[in-house]
Amino acid sequence: MVAELLTQQRVAVSAIYGLEEWITAHEVLCRPFLSKITTITAAELKKISSLSTPHSVLAVAEMPKILPEIITDRVCLYLDGIQDPGNLGTILRTADWFGIPAVYCSADCADVYSAKTIQAGMGAFLRIYTQEVALEQLLAHTPNRMVWGAVLGGTKLAQIDLSGPGVLVVGNEGRGIRPDTEQLLTHRITIPKHPESRAESLNAAVAAGILMAKIGLSE
């Protein structure tokens, strides 16, 4: 993840603390950052890292600047109150896998740049455009576009075409999509469960993954 951080332009790198063997192995990547690199020992890395078993290097990066970028020609994801950073990171990682270009978040979503989100996302924050924005504001930039939402009692997923420009809304882990957000949906969709299933619900990240797989099959 740190190696990838050094190859991109969106997120500025402030400092790098690495074991000598990591710096040597990544000599070419490290050359432009020599003034920001500090060689440390494994014991020192363990002291400064939030991980119980840190792996060779730690980087300090600046928060990326939020650009007023609204992607209008693809299906994007909107997260309505996802609160678990592990779920958020998993959703970003899955969005990266299926080629979802942007994941927009409501104001009460977990922090995209928290340590747990970054770890669960496996660097997806470097490749997926993210922005905190109200759904109303997002739709104001993209009028007349489809707005699908994952709810109970909607049209079965197999009967829905998720191709073309649109926004796919995934709700909070416990309450789902909030009522005022649901009013903005143009299509309500449901992931049907097996008749013999006794599960009450799907994990939010799993549900989002199933929906994104459908997008991948529809495009």
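The values are calculated or read from the model by the stated rules, or taken from the named source; none is laboratory data. Values in this document were obtained by computation on a predicted structure and should not be read as measured data. Cβ atoms come from the backbone with ideal geometry, glycine included; neighbour counts cover every protein chain shown.
Report yes if GLU200 is farther than 25 Å from ALA140 by Cβ, of a type outside the set (A, V, I, L, M) and in contact with a helix residue (DSSP H, G or I) (Cβ under 7 Å, 6 or more places away or on another chain), otherwise no. Spelling it out, it is not the case that GLU200 is farther than 25 Å from ALA140 by Cβ, of a type outside the set (A, V, I, L, M) and in contact with a helix residue (DSSP H, G or I) (Cβ under 7 Å, 6 or more places away or on another chain). Of the residues making up segment 143-181, those that are touching a residue at least 60 places away in the same chain (Cβ under 8 Å), part of a loop (DSSP other than H, G, I, E, B) and hydrophobic (A, V, I, L, M, F, W, C) number 2. Within segment 75-111, being touching an Asp or Glu at 6+ places or on another chain (Cβ under 6 Å) and not in a loop (DSSP other than H, G, I, E, B) holds for one residue alone: CYS105.
Quick grid of which residues meet (1) charged (D, E, K, R); (2) surrounded by fewer than 18 Cβ atoms within 10 Å (Cβ to Cβ); (3) modelled with pLDDT under 95:
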position: ALA115; (1), (2), (3): no, yes, yes
position: PHE125; (1), (2), (3): no, no, yes
position: GLU136; (1), (2), (3): yes, yes, yes
position: PRO143; (1), (2), (3): no, yes, yes
position: ALA150; (1), (2), (3): no, no, yes
position: LEU162; (1), (2), (3): no, no, yes
position: PRO165; (1), (2), (3): no, yes, yes
position: GLY174; (1), (2), (3): no, yes, yes
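Residue count for segment 86-113 satisfying the condition of being surrounded by fewer than 19 Cβ atoms within 10 Å (Cβ to Cβ), in contact (Cβ under 8 Å) with a residue 40 or more places away in the chain and touching a Phe, Trp or Tyr at 6+ places or on another chain (Cβ under 8 Å): 1.
Only one entry in LEU58, LEU79, LEU19, LEU6 is crowded, with 16+ Cβ neighbours inside 10 Å, within 25 Å of PHE98 (Cβ to Cβ) and aliphatic (A, V, I, L, M), namely LEU79. Considering (1) among the aliphatic types (A, V, I, L, M); (2) within 30 Å of ILE215 (Cα to Cα); (3) not in a helix (DSSP H, G or I), the lone condition that VAL60 does not fulfil carries the number (2). Among the conditions (1) surrounded by 11 or more Cβ atoms within 10 Å (Cβ to Cβ); (2) within 28 Å of the chain's Cα centre (by Cα), the only one that SER50 does not satisfy is (1).
The single condition among (1) over 30 Å from LEU5 (Cβ atoms); (2) touching a helix residue (DSSP H, G or I) at 6+ places or on another chain (Cβ under 7 Å); (3) acidic (Asp, Glu) that GLU136 does not satisfy is (2).
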